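Take a look at the structure below.
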Amino acid sequence: MEIHLNRRTLPQRFKIMFVCLFSIGAFAADPVDTSVTSPGLDQLTNYPRVEQFEQGSVQVDFPSLESWPDFRFLNAWLPVEVLLTGDRKPQVGSAYVQALTRIDFEQRTVVISDLQVRDTRFPDEAASAIRDQLVARAFLGRESIVPLDVLLRLTRS
């Protein structure tokens, strides 16, 4: 695959390649039209993000889209690192989330809202109510607007 870039479009194209690389594990074969996907792209690449709480912190990394049935509900896995207050080492795992989506065809964007953590998985297998509560709180009340074309591209794997 050969990609030709000029200096003006390099930052936008880097963001788009970052989105594709970390969400489906490879670049898309056909070029992306950045004029269509530019609105809201900065919000989508705002990973990792860290949420601080009294009981500890949660780092949320870039999601891996699992499904988007009927284009109404988005299902995704997100890597998370939970560092409880007093611990030296973070607990690394994943959170399975479901969110409502609303497509704005005129703006070619998708509003993602009402994120709910449906499952968490950590390798230590020891249930931790505080850890799971912090992960759920890291998603509570979050809403974002992402480019429709990026989400459509992520569903074509």
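The values are calculated or read from the model by the stated rules, or taken from the named source; none is laboratory data. Everything numeric in this text was worked out from a predicted model, so none of it was measured. So basically every Cβ, Gly included, is an ideal-geometry build from the backbone, and we count neighbours across all protein chains shown.
The rows are residues; the columns are (1) closer than 23 Å to residue 144 by Cβ; (2) at pLDDT below 50; (3) within 12 Å of the chain's Cα centre (by Cα).
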{"residue": "3", "(1), (2), (3)": "no, yes, no"}
{"residue": "10", "(1), (2), (3)": "no, yes, no"}
{"residue": "13", "(1), (2), (3)": "yes, yes, no"}
{"residue": "28", "(1), (2), (3)": "yes, yes, no"}
{"residue": "37", "(1), (2), (3)": "yes, yes, no"}
{"residue": "56", "(1), (2), (3)": "no, no, no"}
{"residue": "74", "(1), (2), (3)": "yes, no, yes"}
{"residue": "98", "(1), (2), (3)": "yes, no, yes"}
- Somewhere in the range 76-89, is a residue touching a residue at least 40 places away in the same chain (Cβ under 8 Å), surrounded by fewer than 18 Cβ atoms within 10 Å (Cβ to Cβ), outside any loop (DSSP other than H, G, I, E, B) and not aliphatic (A, V, I, L, M)? no
- Filtering the range 50-75 down to residues that are in contact (Cβ under 8 Å) with a residue 40 or more places away in the chain and not in a strand (DSSP E or B) yields 55, 62, 63, 68
- Item | Counted residues, the range 114-143 - those being surrounded by 14 or more Cβ atoms within 10 Å (Cβ to Cβ) and within 15 Å of residue 65 (Cα to Cα) | 2
- Is there a residue in the range 111-133 that is modelled with pLDDT under 90 and part of a strand (DSSP E or B)? no
